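Each remark here refers to the structure printed beneath this line.
All of the numbers you see were taken from the coordinates with simple rules; none came from a lab. No experiment lies behind these values; they were computed from the predicted model shown. Glycine gets a Cβ as well: all are built from the backbone with ideal geometry, and neighbour counts include every protein chain shown.
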Amino acid sequence: MLIGLQNVTFEFGARAIVTDASWHIQPGERIGLIGYNGTGKSTLLKLLVGQYTPSKGTVEKGRDTTIGYLHQDLLSFDTSETITEVALGAFERVRALEKEIEALGIALEASPEDNDILIKYTDALHELDVLDGYNIEHKAEEVLHGLGFTNKDLSRPYKEFSGGWRMRVLLAKMILQAPDVLLLDEPTNHLDLPSIEWLEKYLLHYKGSVVIVSHDKYFLNKMVNKIVEVYQQQLNFYTGDYDYYEVEKVQRVEIQQRAFENQQDYIRQQERFIERFKAKASKAAQAQSIQKRLDRLDVIEDVQIERPNIRINFAVDKTPGKVLVDLKGVSKKYPAQSILENAFAEIERGDKIALIGANGKGKSTLLRIVAGMESYEGERVWGHNVDESFYAQHQLESLNLNNTILQEVQECGTKKTDLELRALLGCFLFGGDEIDKKIKVLSGGEKARVALTKTIISKANFLMLDEPTNHLDMATVELLAEALTKYDGSIILVSHDRYFISKTANKIWEIEDEQIIEFKGDYAEWVAWKERMAKQKAANPEAPKQAPKPVEKKVEPIVVEVKAGPIDKDQQKMVQKLQKQIAQLEEKMGQTQSDLKAIELKMADPSIYSDIAGFQLIEKDYQSKQQGLQQMNQDYDQLFNELLELESK
């Protein structure tokens, strides 16, 4: 055993985090520490490293065990040293030896015949060689490169970097220290996809033990061979990855529920016997014996759901045209970097696009260009009937600091009841009295969740989301991914959460050579394609790239303008007629969508299935309305295209 907890109880005030919990970390284990937000995962790590002291039980640690602990509080560290110097701080003994060797070398020059100095000098050189001390700069640069730093970055002062990049430097230092146990609290939060993939490969070959707190299911599945779950103040252990845990958890809950119900039946039977015969002389002794047996019974706990099984639903008010956004010849340059050069791309109705790639490639810049929030050269043609909603970290600034959380979402203008809003806020980890907190007292993560909630209830048909899963736990990420999968609108998102991308995206955009490269397919298909291309390039380095070509359109943008001279009255009448038909059709489609939702609510009521004839009528009505909506969508496209043709003449 390297470190562990033995019968530990720990409380924050009146709230118990764990009760009588034991956990021993063995050499070579890769453990995922999971649980809902607020259950105490980070607290457990602090117990392991001695930052907190348990109220009961002991924290055990091997005498020579070394521990590396990556956590958010490290960001308070600051220095003017270069990031390479900070990373090299991992090699304390090597740096000390270098100074010792330098001093001994000077002493040896002054006293070349001093045998004691010569022996110390030789021993120090030997130890430096054993520690591979001549290669520490190469090792530091290799790890820093793997975590996304360029050659130019290596000589820049640590203090010049933002919080996320600072955390990467400290992660590099910790990796280079190679402790017996690595405790990593949300290590992927500050990494882009290439850096996450590098970290995975590194940790898979790491000789020490690793404990990871993460909401990235994809990362956990690749990294861990054991799951420790914090649940109802207890630690539950599962031997396998996260997918195994999910399956096994359901089975355990079902078994516990059956055992609980069977035991409750047994207790009720025995209590009825006691109540019936305790006053009867011939049975009183037997009744007392049964009572004693019940008192000694090890009671099985009921399965309690810590979070309600709520589903997030996106509503769409109106249907847009076929093309939502058309980027034509877009260029974007910064003084030190060119992001796009004459790039073309198109977002169509039903597209769910993930913008992926390394940090610094311009993903968020492109997202802001699509949203019309960033300057650029070229054209961005907005489609018909597009109702957009944009989510990013800077949206936090638009929150009204004097509102409560509930008031802030009430002001979005939705028709949702307070009960529905409370349920939705519960999905985003605001339960009970928390919704009465003022926005001004919330943390950055809490404000981000409020802003994301506002985006969801906006009824927009086009969502632009920049890192929407930051500050969410796995259960909420799952709910959000499920909702976006069913969402009738279109999406473009930036995320480094590969599980979230794999669940939501049907197209991948990547910025490469200042162009927007579009891949039509989901994330798994894109990864397979990238691997195939990498193998082909390795086999034939001179072969040209076989990447999907950027969407290049030579069509001139449609511009509606007032022409000089007499107006074609017939054409004007036809335009007005088509506009009226489109407006009527939109209203009809909206009503049909409302009708379908009302029927879905009826079908969700279990009592409806007792009336077979009634259910069949409702089901027939539902199918009829669905078919009608499908036909209306086709009619809408036809009318819209006719309108475009007329307006372009």
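From the alpha carbon centroid of region 4-83 to that of region 243-277 is 33 Å. Remark: region 465-472, residue by residue, has Karplus-estimated 3J(HN,Hα) of 10, 10, 6, x, 8, 4, 6, 10 Hz, where x stands for each Gly or Pro and the curve is 6.51 cos²θ - 1.76 cosθ + 1.60 at θ = phi - 60°. With 24 Å as the limit, write out which pairs from 201/332; 328/363; 173/201; 207/249 have Cα-Cα distances beyond it, or answer none. Too far apart for the 24 Å limit: 201/332; 207/249. Were the residues from residue 151 through residue 285 laid out at 0.36 nm apart, the gain over their Cα-Cα distance would be 39.7 nm.
For the chain, the relative contact order is 12 percent, taking Cα pairs closer than 8 Å that sit 6 or more residues apart in sequence and dividing their mean separation by the residue count. Put simply, the Cα atoms of region 256-375 extend 98, 37, 19 Å along their principal axes, the longest span coming first.
Output the pairs from 318/503; 226/447; 486/588 with a Cα-Cα distance over 30 Å in this structure; if there are none, say none. Pairs exceeding the cut-off: 226/447. Listed by chain and number, the aspartates and glutamates whose C-alpha is less than 19 Å from the C-alpha of residue 283, apart from same-chain residues fewer than 8 away, are 271, 275, 295.
For residue 130, neighbours were defined as the other residues whose beta-carbon sits under 12 Å from its Cβ, and their charges (Lys and Arg +1, Asp and Glu -1) total -3. Between amide H atoms placed 1.01 Å from N, distances below 5 Å from residue 57 occur with 9, all of them 5 or more places distant or on a separate chain.
Between residue 126 and residue 436, the FRET efficiency estimated from the beta carbon spacing at R0 = 41 angstrom works out to 0.05.
For the chain, the membrane-span-like helix rule (DSSP H, alpha carbon extent of at least 27 Å along the helix axis, mean Kyte-Doolittle at least -1.0) picks out 92-110, 612-647; this says nothing about an actual membrane. Of all beta bridges that DSSP places with both ends in the chain, some 55 percent have antiparallel geometry. Averaging the Cα positions of each part gives two centres, and for region 105-121 and region 127-181 these lie 34 Å apart. Hydrodynamic radius of the chain by the Kirkwood approach over all distinct alpha-carbon pairs: 29.8 Å. In plain terms, the chain from residue 580 to residue 110 could stretch by 159.2 nm, reckoned as 0.36 nm per residue minus the Cα-Cα distance. Taking every DSSP helix (H) stretch of at least 4 residues in the chain, weighting each as -39,500 (n - 2.57) and dividing the sum by the residue count yields a mean residue ellipticity at 222 nm of -15000 deg cm²/dmol. As a calculated quantity, the FRET efficiency between residue 142 and residue 294 at R0 = 60 Å, using C-beta atoms, amounts to about 0.40.
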